[in-house]
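To keep things clear, I will list the structure first and then write my remarks on it.
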Amino acid sequence: GAGVSQTPSNKVTEKGKYVELRCDPISGHTALYWYRQSLGQGPEFLIYFQGTGAADDSGLPNDRFFAVRPEGSVSTLKIQRTERGDSAVYLCASSRNEGVTDTQYFGPGTRLTVL
Amino acid sequence: AQSVSQHNHHVILSEAASLELGCNYSYGGTVNLFWYVQYPGQHLQLLLKYFSGDPLVKGIKGFEAEFIKSKFSFNLRKPSVQWSDTAEYFCAVARLRDSSYKLIFGSGTRLLVRP
């Protein structure tokens with residue numbers, strides 16, 4: 001079946017602009033995660049959705065970052081007033097939410113470059 | 001600080017050499033452990049995972065890992081590497097006290113296998 005998809009694959013924007021990044025999880029997966037991977041680092045957790053609600057947003061770096069999942073499927077990560085330090089690959093993952101045995105499946109990521 | 005440490009940032013091997021990549025974590029309590037791999041130009045894929053039971057787990061493509069609780073380690077091994085194993089490898093931990101099961105990643109190890 002289809003995996004996690006993310007659009008766009010690349011996004012170049014100017015400092016101060018607003019961007020939206022989209023994630024389509026695997027069909028039937030109720031849990032959705034966003035991570036951010038900076039150059040030379042492993043992915044860092046941003047936010048977790050269980051259904052439509054953000055159950056854990058402890059990884060969002062500041063209030064310029066926001067994410068939604070209005071119908072419990074597709075999610076959008078929104079970044080306001082982008083800064084050069086926001087440049088990274090933004091990864092989305094989904095899982096069945098089976099609890100302790102859950103496995104997260106990752107999408108290809110969106111590479112965001114802020115000029 | 002609590003973290004996941006991967007000791008080797010870059011490893012270069014010749015084909016047929018044996019591989020061991022180190023991973024240590026510093027969290028107390030029960031954890032789930034994962035190794036993910038990212039081949040050039042591809043997205044993160046699960047290699048293997050440990051939830052409970054036999055501490056020696058086998059994954060895809062001949063990889064295995066051993067969980068040593070007393071050492072807080074989960075090292076990845078392969079007896080004989082191939083050129084196609086060239087990739088970046090990430091160790092990750094999910095703390096069961098985090099109801100989101102968010103993953104905490106190490107910084108990764110880049111493996112280059114020379115033919």
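Charge dipole (Cα centre; +1 on Lys/Arg Cβ, -1 on Asp/Glu Cβ; no other charges) of segment A:42-96 amounts to roughly 140 debye.
Computed over chain A, the quotient of the alpha carbon radius of gyration and 2.2 N^0.38 Å is 1.00. Given the convex hull of the Cα atoms of segment B:1-73, what is a quarter of its surface area in nm²? Orientation-averaged projected area of the Cα hull: 6.1 nm². Residues within the reach of a label modelled at A:Gln50 (point 7 angstrom out along Cα to beta-carbon, backbone nitrogen below 15 Å), restricted to segment A:11-37, are A:30-33.
Note on A:Thr113 and B:Glu20: their simple-model spin labels are 4.1 nm apart, each label 7 Å out from Cα toward Cβ.
A crude spin-label estimate for the pair A:Ser27 and B:Gln82, with each label 7 Å from Cα along the Cβ direction, gives 3.2 nm.
Cross-linked pairs A:Lys11/A:Lys78; B:Lys61/B:Lys102; B:Lys49/B:Lys102; A:Lys78/B:Lys102: Cα-Cα separations exceed 24 Å for B:Lys61/B:Lys102. Per the Debye calculation on the protein assembly as shown with a single equal scatterer at every Cα and no solvent contribution, log₁₀ I(q)/I(0) for q = 0.07, 0.08, 0.12, 0.13 Å⁻¹ amounts to -0.22, -0.29, -0.66, -0.77.
No value in this document is a laboratory result; all are computed from the given coordinates. The structure presented is a predicted model; accordingly, all values stated were derived computationally and were not measured. Heads up, the Cβs are rebuilt from the backbone with ideal geometry, glycines too, and the neighbour counts pull from every protein chain shown.
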